[in-house]
Amino acid sequence: MFKSFSKIVLRNMWRYKGYTLLNVVGMAIGIAAMVWGYQTYRYSFSFDNFHKDRDNVYRGLTYKEGADGVKGVFPMAAVKQAQNDFSGIEEAVRYLSRGLNVKYDKNEPFAERAHFTDPAFFELFNFPLVAGSGNIADKNVVLITERTAKKYFGNEDPLGKPLIFYSGDSYALPLTVTGVLKDVPVNSTIQFDFITNFENFLRGNGSRVAPDDWTLMMDAAFFKIPNPADAQRLAKEFDKYISVQQKAREDWKAAGFKLISLPENAAMTNLSNNNLGERIEDSATYGPFVLALLIFLSACLNFSNTSVSRANRRLKEMGMRKVMGSSQRQLILQMLLECGFVVVLAVLLSTLLNYWWLPAFNQMFNGVKVTADYFNDMSLLLFMAVAVVITTLLAGAYPAFYISRFNPSTIFRGTVKFGGTNLFSRIMLGLQVSIAMITVVAGIGFARNAEFQKNYDYGYNIENTIGVIVFDTTSFPAFKNEIAAIPQVTALAGTRNHIGYGSRSVVAEAEGKKGETNYLEIGNDYVKTMNLKIAEGRGFDTQMEGDYDHSILITQNLAANYGWKDKEALDKKIFIDSMHYSVIGILKDFHLDQLFDPLEPVVLKLAKENRYQFLVIQSKLSDLETVYSKTRDAWKKVFPMKPFAGFYQNEIKAEAYQVTKSIAKIFTWFAIISILLTATGLFALVSLTVLKKTKEIALRKVVGAKPRDILVLINRGYFWIFLLASAIGCYGGYSLTRLLLDMIFGVNAGIEVSTLIRSAIVLFVIAGITSGIKVWQAIRANPAKNLRAE
Amino acid sequence: MLELKGIYKWVNTGNNRVFLLKDVDLSVQPGEFISIMGPSGSGKSTLLNVIGMLDTFDQGEYNFLHEPVHKLKEKQRSSLYKQYIGFVFQAYHLIDELTVYENIETPLIYQDIKTSERKAMVADVLDRFQIVGKKDLFPTQLSGGQQQLVGIARALIARPKLLLADEPTGNLNSKQGEEIMGLFKQLNDEGMTIIQVTHSEKNAAYGSRIINLLDGMVAR
């Protein structure tokens, strides 16, 4: 029986090639999207899943006094002390990083980030070794990843090679490469290229760290706790360290501690003060799945609707099979089998689609590496198998029941009340329209957001600024003088912290209210150079000695937090880091970071030149590239041994813009696909209506109906459902896009009414053309001919 | 072989009840060749469908091979006609996607007959109807007469006890019609019970008995 069915299926598929192709491609896209959504979701929750002991490894977190939520850092001294002070900790590992220059032999140096940890790190975590030894107990060794080995040594054997780690004059450490590790997977919260013994860590000023230093905060502290029941008790017991920590860090007071297991850590997003990586955000974790589900549903609905509307081609066969003794069950089975064939083909095609799409998707976003291993990934294979079954039922069940239920005698009598435009199929079409609408709204919404972000006013001079990171404070004046001599430079300023390149978060208190705010230490010309606008009061004045110690500038945003209008804030006292400061000026708000983050309050304090780490340079936009290359030349002259770390300020815009553009692109593609699917569904239904009403149309024409009347006659059944579905789709698209925008971007364009109107126009025009083609044919047809045929 | 007693079939349109069959009594003995005749709309095809169990009726009794059809469930009914009844249609109703061979084979598939046995049975029938050479052609490649021949072959393949034919020659020219009727006669001579619906006196003459229908009633 199966063989006979298969023959029919294949012959039918071949006979209606165009239709088959359409359904296979539509469903392949739907299934490919589902796999993409599923794998993205799994990828997000695959972080750190490759550590064998992950359930017994805990990360220490710290609550900060006056701040919301828990922080990713942990006081260094507590790590090793806890292991001695309390029971239940088998291993305690410190983990910290710093920027360093790395040089091999006479080659160009690179600016790198090196990681420092305890030897037990490799007992807690699974980072497999490719060559050499994985022991970092020896303080003279460093382990590097394969990628790093390639970067420094090319095809040479890296083992035994010396690397020099240095920073200015304060730090120079020759280390020998004794082991090469496999590249750290992208889905690891712990990322490193160089890893060496913790003892090799030196502070910025070159001093070593004492083991009982309570001022230093770790990027992460890991504890191996064999019995998970101990974790909560230990976190409580850690409270014992609060007083000693607070004494050491008046500016950063711990208020408590927390231990989370590695899986919990991997599941977290948006942990503040977190120097480890994180899984991809919720919007990126669930967004693709939702989108995929929409496309997938649309493809299934399309299959259902086109199958039903084409059912008259199959009726005779169904009737005859019944006469020959087939039961309805067998017919349903046959129809499902047919659908299954299409689905299986679609699944095969979907693997090809994803072969292209997944890498393209990964390319669009940082830190995303979604793959589909169709041969070895059992979960994925199971998902695909379930997808085949569910898709077959979802797409095939309705047509199967619908077509197989007719009585053969009515079929042969030719009196089957043939549907295709019944309520159910209209609802299915409506769903398709809604889905198409959602994707169109999202596509246009994100495209508009991209435009918005491109033109967004960051509140400071973002376009014609160059920045250079100068870690070496001693040579700063020399470098600054070199730059000042470049004729095209219109302004320049040194600064400790720089907009977009990291700021400290401090707790500021005034009017009895405590809250976190960003804290920038800046040079005296910084406000002018960056073109920050003073709304009230004055900027810093180096002539006034008090400005270095007691004065701050605040943004309007911060002033508003305390309920101050611009003028009222002047001379107000704010308590930060155990010091009282008085507000000498109010700045208009500026955006401190990328547009992923919302506008945040900022405090600016004047820093002395010996603390400067950045030089910011201004020129006319047309001179910017020249200035950049001249700056690099000046750097080579002043710091021949150090890699140049310069940047264009507007690079800050790039990532958020790139993300928006990518999402807009994805939505645009999906919108096109769902519109095509909807258009085919609509075309099929309209065709059927025309077919059913051939005689009626002909008769009406004979008695003098105008084309407009025919148009109304044919579209009457669809107009309202289309309108209603569009309204629902508009609302759905609005909600979904708003949700996504807000999840991803702290600052976004939102959704405007014009976006919804545009989307509706797009959809209505396409629907109009689709049904118009068929209607036009119907209107043009010769009525006499159609009546004769009846 | 079968017996209809007081069969009624009707449809309700508004307040009116329109009778398609009205108090039909009919008894058919094995080996009979019956022709049902009557003007258009007199209920000929309806009666044939009721006999063939493709259609239900609203009132009356129907015994087929001593089974009370009116008391049977859908499933039992279908297994009954699957086993004992063959159908031939005016429009042939061959499945376009299947070859001649496959069309003839299909009923056997629904009766769970093994492949090897199916092959032998189909080969037999092809031989007997002299259409071996056409077995790999599709219905659209055949003439009307040939298609009807395949239709009859398909109806007979499962060796039914009763053959129902709804205007089997309606779409054929007179020569082809005569051939088909000759074949029916021959089958009847071999013992097959046949009931046909026909407009043609000439075709009816091949049968052993004529039943005239008028407005759903058997004209006496």
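Just so you know, all these numbers are worked out from the coordinates, no wet-lab data involved. Keep in mind that this is a model prediction, so the values were computed, not measured. Don't worry about glycine lacking a Cβ; one is built from the backbone with ideal geometry, like all the others, and counts go over all protein chains shown.
Each part gets one Cα centre, and for segment A:112-155 versus segment A:1-67 those centres are 35 Å apart.
Less than 5 angstrom separates the built amide H of A:PHE194 from those of A:HIS115, all sequence-distant by 5 or more or on a different chain.
List the longest stretch of chain A that has no exposed loop site; here a site is one of the trypsin sites (Lys or Arg not before Pro) assigned by DSSP to anything other than H, G, I, E or B, with at most 10 other Cβ within 10 Å. Answer - A:418-790. Peptide A:324-335 is shielded by partner chain Cβ atoms: per residue, an average of 4 of them sit within 10 Å of its Cβ. Any chance you could run the full-extension gain for A:ARG611 through A:THR490? It's 0.36 nm times the residue separation minus the Cα-Cα distance, nm to one decimal. Full extension of this stretch gives 41.2 nm more. Spatially, segment A:614-667 and segment A:182-237 are offset by 32 Å when compared through their Cα centroids.
Per-residue Karplus couplings for segment A:559-572, computed as 6.51 cos²θ - 1.76 cosθ + 1.60 with θ equal to phi - 60°, are listed in order as 4, 5, 4, 9, x, 9, 7, 2, 5, 4, 6, 4, 6, 6 Hz, Gly and Pro entered as x. Across segment A:588-597, computed HN-Hα scalar couplings (Karplus, 6.51 cos²θ - 1.76 cosθ + 1.60, θ = phi - 60°) run 4, 4, 9, 8, 7, 9, 6, 6, 5, 9 Hz from first to last residue, x flagging Gly and Pro.
Less than 20 Å from a label point 7 Å out along the Cα-to-Cβ axis of A:PHE86: which backbone N atoms in segment A:42-63 qualify, by residue? Residues A:54-63 qualify, since their backbone N sits under 20 Å from the label point. Take every Cα pair under 8 Å whose residues are at least 6 apart in sequence, average their separation, divide by the length of segment B:1-134, and the relative contact order is 21 percent.
Taken one residue at a time, the phi angles of segment B:48-58 give Karplus couplings (6.51, -1.76, 1.60, θ = phi - 60°) of 5, 5, 5, 4, x, 6, 7, 10, 9, 10, 9 Hz. Gly and Pro are set to x. With contacts taken as Cα pairs under 8 Å at a separation of at least 6 residues, segment A:465-653 carries a relative contact order of 37 percent. Take each residue of peptide B:151-157, count the partner chain Cβ atoms within 10 Å of its Cβ, and average: the result is 1.
Working note: 222 nm ellipticity from helices only, DSSP H runs with n ≥ 4, each -39,500 (n - 2.57), summed and divided by the residues of the protein assembly as shown, gives -15000 deg cm²/dmol to the nearest 500.
In terms of surrounding Cβ atoms within a 10 Å radius of their Cβ, A:CYS339, A:CYS730 rank from fewest to most as A:CYS730, A:CYS339.
For the pair A:LYS565 and A:ILE534, a Förster radius of 22 Å applied to the C-beta separation gives a FRET efficiency near 0.90, rounded to the nearest 0.05. Can you list the residues of segment B:9-30 with backbone N under 16 Å from a point 7 Å past the Cα of B:ALA219, pointing along Cα to Cβ? Of the residues in segment B:9-30, B:22 have backbone N under 16 Å from the label point off B:ALA219. Per-residue mean of foreign Cβ neighbours for B:77-89 is 3 (Cβ atoms of other chains, 10 Å radius). Extending 7 Å from Cα along the Cβ direction at A:PHE45 and again at A:GLN777 yields two label points whose distance is 4.8 nm.
Hey, in the GNM for chain B with a 10 angstrom Cα cutoff, which one of B:ASP166, B:ASP96, B:ASP25 fluctuates hardest? Greatest mean-square fluctuation among the candidates belongs to B:ASP96. Other residues with beta-carbon under 15 Å from the beta-carbon of B:GLN141 carry, at +1 per Lys or Arg and -1 per Asp or Glu, a net charge of 0. What shape does segment B:80-145 take by its C-alpha gyration tensor, where a ≥ b ≥ c are the square roots of the eigenvalues and a/c under 1.5 counts as rounded, a/b above b/c as prolate, and the rest as oblate? Cα axes put segment B:80-145 in the oblate bin. Which net charge results for the neighbourhood of A:ASN140, defined as the other residues with beta-carbon distances under 14 angstrom from its beta-carbon, given Lys and Arg at +1 and Asp and Glu at -1? Summing Lys/Arg as +1 and Asp/Glu as -1 gives 0. Normalised by the number of residues in chain A, the mean separation of alpha-carbon contacts (under 8 Å, six or more apart) gives a relative contact order of 16 percent.
Placing pseudo-labels 7 Å out from each Cα toward the beta carbon at B:GLN59 and A:VAL344 gives an inter-label distance of 5.3 nm. Peptides B:11-17, B:85-91 ranked from most to least packed, by the mean per-residue count of other Cβ atoms within 10 Å: B:85-91, B:11-17. Going from the residue with the fewest nearby Cβ atoms within 10 Å to the one with the most, A:HIS115, B:HIS93, B:HIS199 rank B:HIS199, A:HIS115, B:HIS93. Rounded to 0.05, the FRET efficiency of the A:ASN205 and A:HIS580 pair, given R0 = 22 Å and the Cβ-Cβ distance, is 0.20.
Cross-link pairs exceeding 23 Å in C-alpha to C-alpha distance, out of A:LYS7/B:LYS175; A:LYS64/A:LYS514; A:LYS258/A:LYS369; A:LYS64/A:LYS608, comprise A:LYS7/B:LYS175; A:LYS258/A:LYS369; A:LYS64/A:LYS608. So which DSSP H runs in chain A come out at 18 Å plus along the axis (Cα) with average Kyte-Doolittle of at least -0.5? Taking the DSSP H segments of chain A (at least 18 Å long, mean hydropathy at least -0.5), we get A:2-15, A:17-44, A:282-309, A:328-364, A:378-404, A:423-454, A:651-692, A:707-744, A:753-780.
Between A:GLU655 and B:ARG159, the modelled labels are 8.2 nm apart [label points 7 Å from Cα along Cα→Cβ].
Which order results if A:HIS550, A:HIS580 are arranged by neighbouring Cβ count within 10 Å, fewest first?
Fewest-to-most Cβ neighbours within 10 Å comes out as A:HIS580, A:HIS550.
Going Cα to Cα from A:LYS103, which lysines come in below 20 Å? Please leave out same-chain ones fewer than 8 positions away. Within reach: A:LYS139, A:LYS150, A:LYS151, A:LYS161, A:LYS636, A:LYS637, A:LYS642. Close amide H contacts of B:LEU137 (hydrogens built in the peptide plane, cut-off under 5 Å, sequence separation of 5 or more or a different chain): B:VAL100, B:TYR101. Kindly identify segment B:129-195 as rounded, prolate or oblate by the Cα gyration tensor criterion: order the square roots of the eigenvalues as a ≥ b ≥ c, call it rounded if a/c is under 1.5, otherwise compare a/b with b/c, prolate if a/b is larger, else oblate. Oblate shape, in that a/c is at least 1.5 and b/c is the bigger or equal ratio. Here's the picture: a label point sits 7 Å out from the Cα of B:ASP96 along the beta-carbon direction, and within segment A:16-47 the residues with their amide nitrogen under 14 Å of it are A:16-17.
For A:LYS106 and A:SER272, the FRET efficiency from 1/(1 + (r/R0)^6), where r spans their Cβ atoms and R0 equals 56 Å, is about 0.85.
Does segment A:219-272 come out rounded, prolate or oblate, given a ≥ b ≥ c as the square roots of the eigenvalues of its C-alpha gyration tensor, rounded meaning a/c under 1.5 and, failing that, prolate meaning a/b above b/c? Since a/c reaches 1.5 but b/c is at least a/b, the shape of segment A:219-272 is classed as oblate. Centre-to-centre, using Cα atoms only, segment B:166-220 and segment A:705-735 are separated by 54 Å.
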